[in-house]
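Below is one structure; the comments refer to it alone.
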Amino acid sequence: MRALHSNPPRLVVIEGNDKGKTFYLRAGSLTLGRSKSDILINDPRISREHVKIEYDPETGKLQFTDLKSLNGCQINGTTLAQGELKDGDKIQIGNTILDCQINIAPGVTEEIRKEPILKTAETPIQTAQDQQLPLQNSTASEVPLSPRPNTIRPRKFQRQLTVAVGGFLVLFLLFTWLTPSGPSNPTKSAGTQSDLDLELAKIRKSLESGELKTALTDALATLQKNPNQFELEELLGDIYSQLKKLEPAIQSYKAAITHQSPSKLVHFKLTRAYIQAGLMTLANEHLNVIDKLIKESPEQKELFVEFANLLLNYPDLNHSFERAMVISKALQTEIAPESSIGYRLEAATLTQLKKLKEAEKIYERALALVPNDQEVLEELAMTKLNLQDLTGAKGITEKWLQQNPNEVKALLAVSYLNFYERNYLATIPKLQQVINLLSKNPENQRRLEALHLLGLVYWEQGQRPEAETYLSESCKLGFQLSCNHQALLTQENKPTPSELPSQPQ
């Protein structure tokens with residue numbers, strides 16, 4: 001029997017934007033952070049490289065080291081710079097809490113762990129829900145892509161059978177067409193395609209209206225009647241993606257590609273699913289496929305737009321800066337000259353190259369072109385903040401609010417800027433507006449952030465009862481930063497200044 005620590009430990013996100021994700025740890029050291037790290041976590045309060053995790057498979061020990069992050073690292077509520085992690089430890093970085101799981105979960109055998117995660121198209125797709133395995137944040141070599149031989153019939157036999165059945169079907173249809181009663185028969189073939197089109201339209205309608213379970217049930221039933229139908233497989237991938245079931249989503253998109261889907265956009269969907277699953281190696285590999293598609297089809301302008309959106313949404317993809325600049329210029333001059341997307345891609349690329357002043361000028365050009373573009377307003381405000389231009393950032397954010405008075409992101413941004421300036425009277429109404437706007441979704445992260453910041457405002461003003469009220473509400477709804485605030489951890493009568501919320505790096 002193998003030692004328990006021969007199986008890799010994992011970190012499971014139990015609180016934060018990536019709640020539900022599982023990251024498996026390989027031997028050696030890994031970094032966790034917002035970007036430029038081995039494990040990427042979607043949390044603006046996390047530094048680019050926040051904490052290092054070292055795993056020794058020989059001893060089974062797991063060590064962590066805080067990489068001098070701005071917000072620090074808390075283990076079970078205590079801020080620590082380094083130490084050893086134990087099974088069940090709760091690690092908090094920014095607004096994200098991870099559960100350290102060193103022991104194998106009951107029932108997870110060695111054979112199950114070797115099951116292919118990304119099954120090929122021939123594997124029955126309806127079993128994906130029943131046999132989901134955790135996706136690993138690993139290299140391509142660690143994710144089996146081939147199905148087990150005993151689950152699939154040989155492709156050569158399948159081709160022969162398909163040819164034989166197809167030939168028989170053609171002869172049968174030809175015979176029925178030539179018989180006296182034949183004129184009504186050809187509608188059967190057309191009716192089959194018509195029935196499929198009706199089913200696809202019905203599934204899309206359910207998907208668009210948010211009836212995801214109905215859409216999934218209908219899609220699986222239709223796929224059983226129409227196996228290997230690439231359009232249906234891609235649609236099924238869209239449903240799984242919205243359900244946050246990334247393994248079957250990846251499987252479905254791969255199946256659509258395998259069955260010669262003419263839609264090139266499915267490659268972008270597959271890449272996004274890889275990224276959301278934490279499979280950055282596979283995402284970067286498929287990015288090369290996308291790049292080749294664009295070179296082969298320069299007349300398909302939507303590919304340029306999708307490529308730009310992909311790089312903007314996931315800046316940590318391993319792409320060529322030169323290629324991004326070429327595409328950004330093409331978008332600005334030929335493909336989408338009236339849109340801000342080409343300017344945003346150029347500015348984002350310059351930001352990655354740490355050319356913030358140049359990026360600021362490009363964002364300002366984009367804003368002049370599309371004055372009400374929320375993405376441009378947000379990125380320009382952030383760029384000015386990174387340039388330490390608080391006055392400029394506040395001006396842009398207030399302009400953003402003038403055009404979109406109920407934009408939650410803008411309200412929070414102005415609130416933070418007012419808080420840094422200790423302009424508490426201006427901060428309170430903005431935060432209360434955020435809380436009211438999101439009242440129908442009490443556990444929304446931005447609403448919890450507003451409750452937390454409002455608690456900090458009252459704390460800084462020495463109004464302890466009001467501070468405790470807002471921090472307690474935020475804590476009860478799962479916002480860990482509020483739970484760890486001194487107002488809730490101590491019974492001292494004299495409040496001490498709390499730490500200011502940090503700006504994103």
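The values are calculated or read from the model by the stated rules, or taken from the named source; none is laboratory data. Because the structure is predicted, anything quoted here is derived from the model rather than measured. Reconstructed Cβ throughout: ideal geometry from the backbone, glycine too, with neighbour counts over all protein chains shown. Areas reflect the complete protein model, heavy atoms only, side chains present, ligands, DNA and RNA absent. Shrake-Rupley method; radii C 1.70, N 1.55, O 1.52, S 1.80 Å.
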Exercise. Mind listing whichever residues of the stretch 265-277 are at pLDDT below 90 and surrounded by fewer than 23 Cβ atoms within 10 Å (Cβ to Cβ)?
Key: ILE275, GLN276
Exercise. Kindly list the number of the only condition in (1) crowded, with 18+ Cβ neighbours inside 10 Å; (2) under 27 Å from THR271 (Cα atoms) that fails for GLU322.
Key: (1)
Quiz item: Do the conditions hold for GLN402, that is, is it open to solvent by 20 Å² or more (accessible area, probe 1.4 Å), modelled with pLDDT under 90 and part of a helix (DSSP H, G or I)?
Solution: yes
Quiz item: Would a scan of the stretch 21-32 turn up a residue that is on the phi > 0 side of the Ramachandran plot and open to solvent by less than 20 Å² (accessible area, probe 1.4 Å)?
Solution: no
Quiz item: Mind checking whether some residue in the stretch 245-253 is farther than 25 Å from VAL289 by Cα, charged (D, E, K, R) and either outside any helix (DSSP H, G or I) or modelled with pLDDT under 90 (or both)?
Solution: no
Quiz item: Quick one: how many residues across the stretch 419-451 are open to solvent by 20 Å² or more (accessible area, probe 1.4 Å), outside any loop (DSSP other than H, G, I, E, B) and within 16 Å of LEU401 (Cβ to Cβ)?
Solution: 9
Quiz prompt | Qualifying residues in the stretch 341-350 (those that are of a type outside the set (Val, Ile, Thr) and in contact (Cβ under 8 Å) with a residue 24 or more places away in the chain) - the one surrounded by the fewest Cβ atoms within 10 Å (Cβ to Cβ) | solution = ALA348
Quiz item: Is it the case that LEU30 is over 25 Å from PHE479 (Cα atoms) and either of a type in the set (S, T, N, Q) or in contact with a Pro (Cβ under 8 Å, 6 or more places away or on another chain) (or both)?
Solution: no
Quiz item: touching a residue at least 12 places away in the same chain (Cβ under 8 Å) and surrounded by fewer than 14 Cβ atoms within 10 Å (Cβ to Cβ): does that describe GLU338?
Solution: yes
Exercise. Filter the stretch 355-393 for residues that are open to solvent by 40 Å² or more (accessible area, probe 1.4 Å) and among the basic types (Lys, Arg) and give the result.
Key: LYS355, LYS357, LYS361, ARG365
Quiz prompt | Within the stretch 224-242, tally of residues that are more than 16 Å from the chain's Cα centre (by Cα), farther than 16 Å from LEU293 by Cβ and open to solvent by less than 50 Å² (accessible area, probe 1.4 Å) | solution = 6
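Can you tell me which residues in the stretch 290-319 are in a helix (DSSP H, G or I), of a type outside the set (D, E, K, R) and either open to solvent by less than 10 Å² (accessible area, probe 1.4 Å) or more than 20 Å from GLU231 (Cβ to Cβ) (or both)?
Our first condition is that a residue be in a helix (DSSP H, G or I); within the stretch 290-319, this holds for 290-296, 301-313.
Remaining after also requiring of a type outside the set (D, E, K, R): 290, 293-294, 303-305, 307-313.
Result: ILE290, ILE294, LEU303, PHE304, VAL305, PHE307, ALA308, ASN309, LEU310, LEU311, LEU312, ASN313.
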Exercise. Pull up the stretch 243-264, narrow it to residues that are of a type in the set (Lys, Arg) and under 18 Å from LEU207 (Cβ atoms), then point me to the one that is surrounded by the fewest Cβ atoms within 10 Å (Cβ to Cβ).
Key: LYS244
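Yes/no matrix, rows are residues, columns are (1) hydrophobic (A, V, I, L, M, F, W, C); (2) farther than 28 Å from ALA381 by Cβ:
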| site | (1), (2) |
| --- | --- |
| GLY278 | no, yes |
| ILE294 | yes, yes |
| SER297 | no, yes |
| ASN309 | no, no |
| TYR314 | no, no |
| LEU317 | yes, no |
| VAL326 | yes, no |
| GLU334 | no, yes |
| ALA348 | yes, no |
